[in-house]
Amino acid sequence: MGKINILIVEDEQRLAEILKKQLEESGFNADIASDGYLGKQLAEKNKYNLIILDISLPLINGYDLCTEIRRTNNKIPIIMLTAFSAPENKLAGFDAGADDYVVKPFDFRELLARINVFLRRSETDMTVAEKLKIADLEMDLKSKRVTRANKKIDLTAKESFLLETFLKNRDKLLTREFITEKVWGIDFDPSTNIIDVYVNYLRKKIDKDFEPKLIHTKFGFGFYCSDKEL
Ligand code: CA
């Protein structure tokens, strides 16, 4: 695999330069766009693996640029970088299609950790087959269409993501912490019983009327997905 290319869209020149230097020292290529319009041009012209995007920018602001990029590219991870920490700013960022949000001033190691999470995620997404199958259950990763014994099964977004996590890790024991991080993100409190609730929703839809059962509980440990008991 070639070098990872990261685009920094940031008008504070000093911060942009420091970021570029730190990213390069961490083994990435980094380009700087000093306003939203340049950011848009570079994002369209070059193939980036990830974008770090400031919100207050000349010409096109970060929210609008993010929306613009999402129109043609759903996959590229976008981390917003901003001085605004209010929840409504955060929500506006997620609404515009950002994947994560880092508040200035920030520790570079924190940003780097987040970058690595996204890069690992897109790497596995790229290498995985387009359809996941176990017994007579099939999931099309592009359309998210799920069938069991050729019957279409309707899942909510979270149920679908949960099933995808199970299928990508079939025959492996998964802890609640692992599932929480994959499906709900690292900031979610794993002590709630939400995973059990969702696993039950999923079981009702994909296992209740079918054999063999695919989602199994390992008491005191977590869950696993398999067409046999482990
Ligand atoms: Ca700015």
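Could you compute the FRET efficiency for GLU229 and ALA83, with r as their C-beta to C-beta distance and R0 at 45 Å, rounded to 0.05? The computed FRET efficiency comes out at 0.25. At an R0 of 22 angstrom, the distance between the Cβ atoms of LYS21 and VAL117 translates into a FRET efficiency of 0.50. Compute a Gaussian network model of the chain, connecting alpha carbons closer than 10 Å, and tell me which residue from SER160, SER34, SER26 fluctuates the most. Ranking SER160, SER34, SER26 by mean-square fluctuation puts SER26 first. Note that the chain presents 57 Å² accessible area per residue, ligands and nucleic acids not counted, probe 1.4 Å. Ordered from largest to smallest accessible area (heavy atoms of protein chains, 1.4 Å probe), the residues LYS40, LYS158 come out as LYS158, LYS40. For the chain, which whole-number percentage of the solvent-accessible area (1.4 Å probe, protein heavy atoms only) is attributable to carbon and sulfur atoms? Answer for the chain: carbon and sulfur cover 51 percent of the accessible area. For region 5-125, a crude dipole built from +1 on the beta carbon of Lys and Arg and -1 on the beta carbon of Asp and Glu, taken about the Cα centre, is about 280 debye to the nearest 20. Around the Cα centre of the chain, unit charges on the Cβ atoms of Lys, Arg, Asp and Glu (plus for the first two, minus for the last two) sum to a dipole of about 960 debye. Length available on full extension from LYS45 to LYS90: 0.36 nm per residue minus the Cα-Cα distance, which gives 13.4 nm. Treating r as the C-beta distance of ALA149 and PHE178 and R0 as 30 Å, the FRET efficiency rounds to 0.55. Of LYS133/LYS172; LYS40/LYS104; LYS3/LYS168; LYS142/LYS172; LYS152/LYS172; LYS131/LYS152, which pairs sit farther than 18 Å apart, going by alpha carbon to alpha carbon? Where the Cα-Cα span goes over 18 Å, the pairs concerned are LYS40/LYS104; LYS3/LYS168; LYS142/LYS172; LYS152/LYS172. GNM, the chain, Cα, under 10 Å: largest mean-square fluctuation among LEU59, LEU167, LEU42? Evaluated over the chain, the most mobile residue of the options is LEU59. Could you give the Stokes-Einstein D for region 145-204 in µm² per second, using the C-alpha Kirkwood radius, 4 °C, 1.567 mPa s? It comes out at roughly 106 µm²/s. Each residue of the chain gets 144 Å³ once the volume of the Cα convex hull is shared out per residue.
The values are calculated or read from the model by the stated rules, or taken from the named source; none is laboratory data. Since the model is a prediction, treat every value here as computed from it, not as a measurement. No Cβ is skipped: glycine too gets one built from the backbone with ideal geometry, and neighbour counts run over all protein chains shown. Note: accessible area is taken over every heavy atom of the protein model, side chains too, but ligands, DNA and RNA are not part of it. Shrake-Rupley method; radii C 1.70, N 1.55, O 1.52, S 1.80 Å.
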